[in-house]
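Have a look at the structure below before the remarks.
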Amino acid sequence: MFSPSAIADFLACQHLGALNRAYKEGKIKKPYFDDPGLELLRRLGVEHEERYLKQLKEERGLEVVSVPGELWWSE
């Protein structure tokens, strides 16, 4: 069974499908490229979520329940 992402990858580029298969079989490693924009994107996302939750609590008077959990980038 193929995931929607795997099908989209194959339709976009058959070679990408072959690379993904080789990776899953342990024949190759995926290259790592540091993305300096990733930390900015994460920070902006967290700030947006905090503003939105504050709006729900203060402006709309709703109760917001926080679900504890660790994020992969932990602060």
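Remarks
- Check on Ala6, more than 20 Å from the chain's Cα centre (by Cα) and of a type outside the set (S, T, N, Q): no
- Condition met for Lys29 (at pLDDT 90 or above and either among the hydroxyl-bearing types (Ser, Thr, Tyr) or surrounded by 11 or more Cβ atoms within 10 Å (Cβ to Cβ) (or both)): no
- Phe10 vs. criteria without any contact (Cβ under 8 Å) to a residue 40 or more places away in the chain, hydrophobic (A, V, I, L, M, F, W, C), farther than 30 Å from Ser66 by Cβ and not in a helix (DSSP H, G or I): no
- Among the numbered conditions (1) on the phi > 0 side of the Ramachandran plot; (2) touching a Leu at 6+ places or on another chain (Cβ under 8 Å), the only one that Gly61 does not meet is (2).
- Any hit, segment 60-74, residues being of a type outside the set (Lys, Arg) and assigned to a helix (DSSP H, G or I): no
- When Leu38, Leu56 are checked against the criterion of being out of contact with any Phe, Trp or Tyr (no Cβ under 9 Å at 6 or more places or on another chain), open to solvent by less than 100 Å² (accessible area, probe 1.4 Å) and among the aliphatic types (A, V, I, L, M), Leu56 stands alone in meeting it.
- Val46 passes every criterion in (1) modelled with pLDDT of 90 or more; (2) open to solvent by 100 Å² or more (accessible area, probe 1.4 Å); (3) under 30 Å from Ser66 (Cα atoms) apart from (2).
The values are calculated or read from the model by the stated rules, or taken from the named source; none is laboratory data. Everything quoted here is computed from the prediction, not taken from an experiment. FYI the Cβ positions are ideal-geometry reconstructions off the backbone, even for glycines, and counts take in every protein chain you see. Just so you know, the surface numbers come from the protein's heavy atoms only, side chains and all, with ligands and any DNA or RNA stripped out. Shrake-Rupley method; radii C 1.70, N 1.55, O 1.52, S 1.80 Å.
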